[in-house]
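Report on the structure given below.
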Amino acid sequence: MKIIKCKNYEEMSVKAAEIFAQQINEKPDSVLGLATGSTPLGLYAELIKMYNDGKIDFSKCVSLNLDEYSPIAYDNDQSYHYFMNENLFKHVNISESNFPSEDDPKAYDALAEELGGIDIQLLGIGENGHIGFNEPGDVLIAPTHMTGLTESTIKANARFFESEDDVPKAAITMGIATIMKAKKVVLMASGAKKRDAVMKILADNIDPQCPATILKAHPDVILICDEEAID
Ligand code: F6R
């Protein structure tokens with residue numbers, strides 16, 4: 001795992017944007033695996049800037065989003081459809097964006113295969129070590145699937161809703177195998193709340209109680225974090 005330790009969130013966002021821009025410039029028809037949450041907002045703002053400056057062209061790119069709440073209407077402003085559209089897609093010339101759907105999770109993995117696999121997968125990390133909505137548990141679930149959200153995740157995500165009760169209790173997420181098949185993974189972690197999870201990735205064995213530790217077994221992971229998230 002390559003580690004890029006940045007001074008702050010701004011520097012992290014620029015570094016991550018450089019990696020995505022390089023990927024897209026080298027392979028214009030890249031399949032991008034994209035995440036939501038607070039962490040990638042700066043990265044998406046940088047990518048939009050690069051696009052406006054003519055430094056990056058998304059026209060041949062396809063995106064496969066990491067996850068989505070379930071059930072949720074796509075025009076709900078807390079849906080991941082809405083988030084991605086507002087924070088990236090509507091500002092750039094991306095050709096196609098796909099989200100996992102509860103109707104047929106298996107079709108999502110088949111689509112990833114048909115597209116030749118995910119070239120670059122972006123991940124944030126939960127305070128509990130989740131990636132996507134692969135929550136801590138006794139086992140890691142391989143394919144894209146529907147899952148319940150843990151108390152910790154519901155609490156962490158309540159900041160986006162009027163109350164904790166409004167947070168959907170389930171989501172559909174790329175599975176661990178779907179993520180691990182990506183050719184390159186960029187994992188971003190910002191802030192002291194992520195430090196425990198990050199330190200587990202670096203120190204411990206692979207442990208389904210901290211799903212992000214599986215990334216130790218991936219051959220091409222770049223961890224980008226700020227000083228608060230790592231020793
Ligand atoms: C988002 C996702 C989640 C987040 C994680 C960190 O699509 O799948 O795993 O990456 O919960 O969220 P933030 O970035 O809000 O701290």
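Set the Förster distance to 25 Å, then compute FRET efficiency between S59 and A192 from the Cβ-Cβ distance, nearest 0.05.
0.05
Lys and Arg at +1, Asp and Glu at -1: add these up for the other residues within a Cβ distance under 9 Å of I118 and post the number.
+2
For the chain, what does the helix formula give at 222 nm: sum of -39500 (n - 2.57) over DSSP H segments with n ≥ 4, over the residue count, nearest 500 deg cm²/dmol?
Rounded to the nearest 500, the figure is -8500 deg cm²/dmol.
With Cβ to Cβ distances under 13 Å as the rule, what net charge do the other residues near D67 carry (K, R +1; D, E -1)?
Local net charge: -3.
Name the most mobile residue of A171, A73, A112, meaning the one with the largest mean-square fluctuation, in a Gaussian network model of the chain with Cα contacts below 10 Å.
Result: A73 has the largest fluctuation of those listed.
Using mean Cβ contacts within 10 Å as the protection proxy, how do 80-89, 151-160 order, highest first?
Packing order, densest peptide first, comes out as 80-89, 151-160.
Can you give the local net charge around K5? Use residues other than it whose beta-carbon is closer than 9 angstrom to its beta-carbon, Lys and Arg +1, Asp and Glu -1.
-1
With a 1.4 Å probe and every protein chain kept in, tell me what percent of the accessible surface of region 1-99 is carbon plus sulfur.
47
At 1.4 Å probe size, with the rest of the protein present, what percent of the exposed accessible area of region 130-218 is carbon and sulfur atoms?
With neighbouring chains kept in place, the figure for region 130-218 is 54 percent.
Tell me the per residue accessible area of the chain using a 1.4 Å probe; a whole number in Å² is fine.
With all protein chains present, the chain gives 45 Å² per residue.
Going through the cross-link list K55/K169; K155/K216; K55/K184, which pairs have a Cα-Cα distance over 30 Å in this structure?
K55/K169
Dividing the alpha-carbon radius of gyration of region 30-89 by 2.2 N^0.38 Å (N being the number of residues), what value is obtained?
After normalising by residue count via 2.2 N^0.38 Å, the value is 1.17.
Between G116, G148, G126, which gets the highest mean-square fluctuation from a Gaussian network model of the chain, Cα cutoff 10 Å?
Of G116, G148, G126, the Gaussian network model singles out G116 as fluctuating most.
Rounded, prolate or oblate for the chain? Axes are the square roots of the Cα gyration tensor eigenvalues, ordered a ≥ b ≥ c, and the cut-off for rounded is a/c under 1.5.
It comes out rounded by the Cα gyration axes.
Roughly how compact is region 56-137, stated as its Cα Rg over 2.2 N^0.38 Å to two decimals?
Scaled against compact globular proteins, the figure is 1.15.
Could you go through region 64-71 in sequence order and give the Karplus-derived ³J(HN,Hα) for each residue, using 6.51 cos²θ - 1.76 cosθ + 1.60 with θ = phi - 60°, rounded to whole Hz, and x for Gly and Pro?
These are the phi-based 3J(HN,Hα) values: 10, 6, 5, 6, 7, 5, 8, x Hz.
The values are calculated or read from the model by the stated rules, or taken from the named source; none is laboratory data. Just so we're clear, the structure is a prediction, and the values are computed from it rather than from any experiment. Don't worry about glycine lacking a Cβ; one is built from the backbone with ideal geometry, like all the others, and counts go over all protein chains shown. SASA here: full protein model, heavy atoms, side chains in, ligands and nucleic acids out. Shrake-Rupley method; radii C 1.70, N 1.55, O 1.52, S 1.80 Å.
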